[in-house]
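Please read the structure below before turning to the comments.
Any read-out appearing in this document is the output of simple, stated calculations on the displayed coordinates, not a laboratory observation. Since we're looking at a predicted model, the values are computed, not measured. Every residue, glycine as well, gets a Cβ built from its backbone with ideal geometry; the counts of neighbours run over all protein chains shown.
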Amino acid sequence: AYNHLFQVGTGLDSQVLGDVQVIQQVKKAYKQSKEKGLSGEFHQLVQSVFRAHKRSRTETDFGRGTASVGFAATQLALEHFKDLSEIKVLLVGAGKMGKVSCKNLVSNGAEHISVVNRTIDRAKELASSFDIKAHAFSELEDEIKKADLVIAATGARKPILHPEHFEGVERHQLVLDLSVPRNVDPKVAEVANVTLVDMDSIHEANKKALDKREKAIPKIKGIIEEEKKDFLNSVHRSRYLLPRIKEIDHRLSDITDSELERMKHKMDKKSYAQMEEVTRRIKKKIMAIHIDRIDKEFEKAQNEA
């Protein structure tokens, strides 16, 4: 089971290779388990998975770029705009791709999102799911003029967005055409202040990102093996040390408690409190010596195994 968690946590075993959403789900599940009191070896395992995930991103190209269209829209938006919370986003289309794009934009800070759809009920349904604004298709041109980012993702069989929709807008606009066939007339790219990105460009970027991720797989597997080894060693160490430490602690507590109880009625409260503190410190130092000894015993046993 722990092998699978490492595979999933790093993004090796996911629908989209290197998917970062999976680790977020793992973190959410871990948080819930902590709230319910689960810890111990499970805690050690999840922390090892988190380290493997982090290393896979910092030591390889596994997390660079985007390998899915839905994430690509958000990635492109983040590259063009410093802060998504400050821009106005218009989704043209309330289908699956529109929903995915909306979800990713919201999770990355977008706050001002509107959706236009030929069927107003579908637009309202999407709007209610993400607390965004829904508009009738007749408002398309007006909403385009207001938007900084326009994402077209409808089932139309021909372009529905044309140069005249964007002409006259003085600020920069990013237009993402996520539809096949195209929903945006290629001539829109010729309009001043408009950057048009279509599916061909997105697929090319995705392919490059996926190629990099596939090349990084051997390194990721190596990282997983290292973290698995450290995790198993940590578990074996804990299983070896803890019962022995508990036994010594219990025996020391019996001795110190007995001696303190014997002296309790022979001393004033202040002196007794001082003796308790001295005894506590001595016990702590003795425990440290024993822990170090047991730890060395474990290391010796591991080396001889």
| task | Would you grab the residues whose amide H sits under 5 Å from the one on PHE81? Only those 5+ places off in sequence or on another chain, please, with H modelled 1.01 Å from N. | result | none
| task | Largest first and in whole Å, give the semi-axes of the chain's equivalent ellipsoid, each being the square root of 5 times a Cα gyration tensor eigenvalue. | result | 61, 24, 15
| query | Which length gain, in nm to one decimal place, applies between GLU214 and SER129 when the Cα-Cα distance is subtracted from 0.36 nm times their residue separation? | reply | 27.1 nm
| task | Apply 1/(1 + (r/R0)^6) to the Cβ-Cβ distance of VAL180 and LYS221, taking R0 = 41 Å, and write down the FRET efficiency to the nearest 0.05. | result | 0.75
| query | So what's the Cα pair-distance distribution over region 69-197, bin width 10 Å, in %? | reply | 14, 51, 34, 2
| To the nearest 20 debye, what charge dipole does region 69-197 have about its Cα centre, counting +1 at the Cβ of each Lys and Arg and -1 at the Cβ of each Asp and Glu? | 500 debye
| task | Taking the Cβ of each residue in HIS43, HIS53 as the centre, tally the other Cβ atoms inside 10 Å and list the residues starting with the fewest. | result | HIS43, HIS53
| task | Post the alpha-carbon centroid distance, region 227-255 to region 1-53, in whole angstrom. | result | 25 Å
| query | So, with +1 on the Cβ of K and R and -1 on the Cβ of D and E, and no other charges, what is the size of the charge dipole of region 226-305 about its Cα centre, to the nearest 20 debye? | reply | 300 debye
| note | Here FRET efficiency (C-beta to C-beta, ALA189 to HIS236, R₀ 45 Å, nearest 0.05) is 0.15
| query | If you take the beta carbon distance between ASP254 and LEU38 as r and set R0 to 30 Å, what does 1/(1 + (r/R0)^6) give as a FRET efficiency, to the nearest 0.05? | reply | 0.45
| remark: Between the residues VAL92, ALA156, SER238, the Cα farthest towards the positive end of the dipole of the chain, that dipole coming from +1 and -1 charges on the beta-carbon of Lys, Arg, Asp and Glu, is from SER238
